[in-house]
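Accompanying notes for the structure given below.
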Amino acid sequence: MSRIKGVFAALKGRRAALIPFIAGGDPALSATVPLMHALVRAGADLIEVGMPFSDPMADGPVIQMAHQRALAAGATTRAVIDQVAAFRRDDGRTPVILMGYVNPVETMGYEAFACACRAAGVDGVILVDMPPEEAAEWRACAVREGVDTIFLLSPTTPAERLAVIANASTGFLYYVALKGVTGASHLNVADAAARLAAVRASSALPVGVGFGIRDPGSAAEVGRFADAVIVGSAIVERMAAKDTIDEVLADVEVFVRDLRAALPERASRTSS
Amino acid sequence: MSYEQPDARGHFGPYGGRFVAETLMGPLAELERAYAQARTDPAFQAELAADFRDYVGRPSPLYFAERLTADAGGARIYLKREDLNHTGAHKVNNTIGQALLAKRMGKKRLIAETGAGQHGVATATVAARLGLSCVIYMGAEDIARQAPNVRRMRLLGAEVVSVTLGSRTLKDAMNEAMRDWATTVDETFYVIGTVGGPHPYPVMVRDFQAVIGEEARRQFLEREGRLPQALVACVGGGSNAMGLFYAFLADAEVDLYGVEAAGKGLASGQHAAPLTAATGRGVLHGARSYLMFDEDGQIRDTHSISAGLDYPGVGPEHAWLKDIGRARYVAVGDEMALAAFHRLTRLEGILPALESSHALAYAHELAGRLGHEAAIIVNLSGRGDKDVESVAAYEEAKTCRA
Ligand SMILES: Cc1ncc(COP(=O)(O)O)c(C=O)c1O
């Protein structure tokens, strides 16, 4: 069983998984591996790491700035994959998902990228600007290397597309809970819950919910119905406010621990 | 030659397509449906034709530039006078079309990216006319170098948002416009200003701009009783070039030249000529095309004296026309474009946009190479009023350095 499947299977019926996001190489490449371990200590079930891109069109200012800091500090696609490989030397258990944009991946080559991901112990990939309609070639490479491809769903996804996206995805589905970019705060929890019910009708995959989850309170609300709660900008923003890497590590660990503690335990337990 | 591009999903060969975040996939499908309907609706076409005639002032003249021709010493040079359109450039052909579509779709708010400010002005203009609210995204560097157009947009009631991240030019303005659209899709229509972006924009903008070539072909045939030897147009995203070329694609004897910005020279790396330099193909702003990026796939900063050409990508149909050899792409640098700017002003009393000056520079050279028997058409895509201040500043700075 893949690491991603294993985590969701173990949590099924107990509580939502927590997936924190950090931008690879922000604020420095040397910070990424210690940050990933800190996230795990704080209770992260999976980790999402951003691959830097000069033009992150689906991101708000907080993650845009993180990408700019990372690029200024010398981060590249390859370097971020290398950080995952380094993380894997001490953690063989926590699934890692890379999130990024098409152009750097195409530049490296789908084949080479998928192969490097497998070798480094990357479990899944999200390419924000690659819908399933344009993904045939990438998916073939990903399947060959045993790397999951997670596609996004949004409030604007028409009903007839749900199945297309669900069929193209492996690992889990990522429901973008609001119309907008990362870091937005106009999350409507009731809407998201209703949409998730429709998604579940077209797919047996676990469904993670992200965008607009900013604090333990919103994590708790979404954690009542989602299979995973994804938190990005709120973490990156706190990191940007700190002066030293040690302060960043300490602060992130406390914040993510609070997020994790807020996720409600569910009554019905399944025996494993 | 049969030319049936793009395919049903907006691909021109390997180029084009729809590379956007999921939030925009539904709205793009909705736009595609609305446009497909409008395209075959006689009422929509009649409204468009009436606006072209009464509001834009079409057909724009095809002007024989006699003194410019004598100066070049070869082929007769005709200018397609898109600079005489209302608002001063070809951009309005497209914004009229998209605004009519926005109205049909019940959208209340227009947004657009702009480089030179001509597309921003043309969008603000149609928004004012239709009573729609309007937000224009513009790079901070372009706001400084195209100040007259910023004032025009504000007079027209548009909000101009300065984009300060990234390279602070057209590319970054487009990023910001896409972020706005993803947030406000229900009420907003995104008016893209060139034959780029995700499907259906490249084909839709081409269709609205195709009037340029349809008129020019007819006007030239009336005038000369044959077809021209060559067409020349500048290429930023490629809309004025596509608009001129499209009606001539099947005329194999007509050579098509797209002129990109060589900035400080292709060798310097400080240019905006993805097709001519052919450094790579990649994905940006919703489509695959020729693109300027580094070995890690990060988009490169570009340079051109002309804000409207200062962009690292190009519309996907141009990529396809290059690969199949139907069009040729060349590049002209800042200094040659400036010389062409002054030449047309002094010889013909026409002040061209710096963008169009790139086409004029190449046409001058080409006309000199071709014999007196030949004739060519240059797309004079816009007028240069907006550039008066920045040309003066540029030349003052040069004199100081010298
Ligand atoms: C007068 C003029 N010509 C050309 C361009 C370049 O755009 P395109 O290549 O889409 O025609 C611009 C863009 O701002 C412009 O203002």
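Sparse packing (at most 10 other Cβ atoms within 10 Å of the Cβ) combined with a DSSP loop state is found for the following trypsin sites (Lys or Arg not before Pro) in the range A:208-272: A:Arg269.
Roughly what percent of Cα-Cα pairs across the range A:1-105 reach past 24 Å? Roughly 24 percent, rounded to a whole number.
Taking θ as phi - 60° and the Karplus parameters 6.51, -1.76 and 1.60, the scalar couplings of the range A:194-203 work out to 5, 5, 5, 4, 5, 4, 4, 5, 9, 7 Hz in sequence order, x denoting glycine and proline.
Of the GluC sites (Glu not before Pro) in the range B:211-288, the ones in a loop by DSSP (not H, G, I, E or B) with at most 11 other beta carbons within 10 Å are B:Glu253.
The mean sequence separation of alpha-carbon pairs under 8 Å and at least six residues apart, normalised by the residue count of the range B:1-118, gives a relative contact order of 17 percent.
Each peptide in A:14-23, B:240-249, B:342-351, B:129-138 receives the mean, over its residues, of other Cβ atoms within 10 Å, and ordering these scores from highest gives B:240-249, A:14-23, B:129-138, B:342-351.
Rounded to the nearest whole Hz, the Karplus-based 3J(HN,Hα) values (6.51 cos²θ - 1.76 cosθ + 1.60, θ = phi - 60°) of the range B:264-275 follow the sequence 8, x, 4, 5, 6, x, 8, 8, 9, 10, x, 6, with x at glycine and proline. Placing unit charges on the Cβ atoms of the charged side chains and taking the dipole of the protein assembly as shown about its Cα centre, the candidate lying farthest along the positive direction among B:Thr95, A:Thr157, A:Ala140 is A:Thr157.
For the range A:9-105, with all protein chains present and a 1.4 Å probe, just round the carbon and sulfur fraction of the accessible area to a whole percent. Accessible surface attributable to carbon and sulfur in the range A:9-105 totals 56 percent. Across chain A, the mean sequence separation of Cα contacts (distance under 8 Å, 6 or more residues apart), normalised by length, yields a relative contact order of 24 percent.
For the range A:54-180, the Kirkwood estimate of hydrodynamic radius, built from reciprocal distances between every pair of different alpha carbons, is 15.4 Å.
With 25 Å as the cut-off, how large is the P(r) tail for chain A, expressed as percent of Cα-Cα pairs? It works out to 39 percent of all Cα pairs. Percent relative contact order of chain B, based on C-alpha pairs within less than 8 angstrom and at least six residues apart? Computed value for chain B: 21 percent relative contact order.
So if we plug the beta-carbon distance of B:Asp54 and B:Glu187 into 1/(1 + (r/R0)^6) with R0 = 25 Å, what FRET efficiency do we get, rounded to 0.05? That pair, B:Asp54 with B:Glu187, gives E of 0.30. Of the complete DSSP H runs in chain B, those spanning 15 angstrom or more by Cα along the long axis with a mean Kyte-Doolittle score not below -1.0 are B:22-39, B:91-104, B:118-130, B:170-184, B:334-348, B:354-369, B:388-401. Compactness of chain B was expressed as the Cα radius of gyration divided by 2.2 N^0.38 Å, which yields 0.90. Remark: spin-label model distance A:Ala261-A:Ala73 equals 2.7 nm, labels positioned 7 Å along the Cα→Cβ axis.
Using a 10 Å cut-off on Cβ to Cβ distances, tally the other chain neighbours for every residue of A:133-145 and report the average as a whole number.
Partner-chain Cβ atoms within 10 Å, mean over residues of A:133-145: 1.
Using the Stokes-Einstein relation with a Kirkwood hydrodynamic radius computed over Cα pairs, the translational diffusion coefficient of the range B:268-320 at 37 °C and a viscosity of 0.692 mPa s comes to 298 µm²/s.
In units of the rule-of-thumb radius 2.2 N^0.38 Å, the range B:195-243 shows an alpha carbon radius of gyration of 1.30.
In the full protein context, the range A:152-201 carries 37 Å² of accessible surface per residue, based on a 1.4 Å probe and ignoring ligands, DNA and RNA.
With 32 Å as the limit on Cα-Cα distance, the pairs of A:Lys12/A:Lys242; B:Lys107/B:Lys171; B:Lys108/B:Lys264; B:Lys80/B:Lys322; A:Lys179/A:Lys242 that go past it are A:Lys12/A:Lys242; B:Lys108/B:Lys264.
Charges at C-beta only: +1 for Lys and Arg, -1 for Asp and Glu. How large is the resulting dipole of the range B:343-401 about its Cα centre, in Debye rounded to 20?
The dipole of the range B:343-401 has a size of about 120 debye.
At most 16 other Cβ atoms within 10 Å and a DSSP loop assignment: could you name the chymotrypsin sites (Phe, Trp or Tyr not before Pro) in the range B:1-62 that fit?
B:Tyr3
Using the 1.4 Å probe convention, the accessible area of the range B:150-280 works out to 31 Å² per residue with neighbouring protein chains retained. Rounded to the nearest 20 debye, the dipole magnitude of chain B is 500 debye, with +1 charges on Lys and Arg beta carbons, -1 on Asp and Glu beta carbons, and the Cα centre as origin. Compute the accessible area of each residue in the range A:162-201 twice, once for its chain alone and once with every protein chain present, using a 1.4 Å probe on heavy atoms, and list those whose area falls by at least 30 Å². At a threshold of 30 Å² (probe 1.4 Å), the residues of the range A:162-201 that become less exposed are A:Lys179, A:Gly180, A:Val181. Projected label points at B:Arg104 and B:Ala397, each 7 Å from Cα along the beta carbon direction, are separated by 4.4 nanometres.
Average accessible surface for the range B:1-52: 45 Å² per residue, computed with a 1.4 Å probe over protein heavy atoms with every protein chain in place.
Taken over the alpha carbons of the protein assembly as shown as equal point scatterers, the Debye sum produces base-10 log I(q)/I(0) values at 0.10, 0.11, 0.12 Å⁻¹ of -0.90, -1.05, -1.20. To check you understand DSSP bridge types, tell me what percent of the beta bridges within chain B (both residues inside) are antiparallel, rounded to 5. Within chain B, antiparallel bridges account for around 30 percent of the total. Nonpolar atom fraction for the range A:167-272, defined as the carbon and sulfur part of the 1.4 Å probe accessible area, stands at 50 percent. Largest first, the extents of the alpha carbon coordinates of the range A:163-253 on the three principal axes equal 46, 26, 22 Å. For the range B:163-316, pairs of C-alpha atoms spaced more than 19 angstrom apart make up 57 percent of the total.
Rounded to the nearest 5, the antiparallel percentage of DSSP beta bridges internal to the range B:1-145 is 45%.
When the charge dipole of the protein assembly as shown is built from unit charges on Cβ atoms (+1 for Lys and Arg, -1 for Asp and Glu) and taken about the Cα centre, the candidate among A:Met1, B:Ala278, B:Gly371 whose Cα reaches farthest toward its positive end is A:Met1.
The calculated FRET efficiency for the pair B:Ala250 and B:Arg33, based on their C-beta separation and a Förster distance of 35 Å, comes to about 0.80. Ballpark to the nearest 100 Å², how much total accessible area do A and B bury together, probe 1.4 Å? Summing both chains' loss of accessible area gives about 2900 Å². For the range B:152-178, a drop of 50 Å² or more in accessible area on going from the chain alone to the assembled protein chains (1.4 Å probe) is found at B:Leu165.
Leaving out ligands, DNA and RNA, and with a 1.4 Å probe, what % of the accessible surface on chain B is carbon or sulfur?
Here carbon and sulfur together make up 51 percent of the probe-accessible area.
Residues of the range B:282-299 whose accessible area (probe 1.4 Å, heavy atoms of protein chains only) drops by at least 50 Å² once all protein chains are present, relative to their chain alone: B:Val283, B:Asp296, B:Gln298.
Remark: the range A:158-170, residue by residue, has Karplus-estimated 3J(HN,Hα) of x, 3, 6, 8, 3, 5, 4, 5, 4, 5, 7, 8, 10 Hz, where x stands for each Gly or Pro and the curve is 6.51 cos²θ - 1.76 cosθ + 1.60 at θ = phi - 60°. Highest mean packing first, where packing is the average number of other Cβ atoms within 10 Å per residue, the peptides A:141-148, B:264-271, B:308-315, B:70-77 line up as B:308-315, B:70-77, A:141-148, B:264-271.
Its Cα centre serving as origin, the range A:1-153 has a Cβ charge dipole (Lys and Arg +1, Asp and Glu -1) of approximately 800 debye. Computed from the Cβ-Cβ distance with R0 of 41 Å, the FRET efficiency linking A:His186 to B:Thr345 stands at 0.20.
The values are calculated or read from the model by the stated rules, or taken from the named source; none is laboratory data. Here the structure is a predicted model, which means the values were calculated and not measured. Glycine gets a Cβ as well: all are built from the backbone with ideal geometry, and neighbour counts include every protein chain shown. Heavy atoms of the whole protein, side chains included, go into the accessibility calculation; ligands, DNA and RNA do not. Shrake-Rupley method; radii C 1.70, N 1.55, O 1.52, S 1.80 Å.
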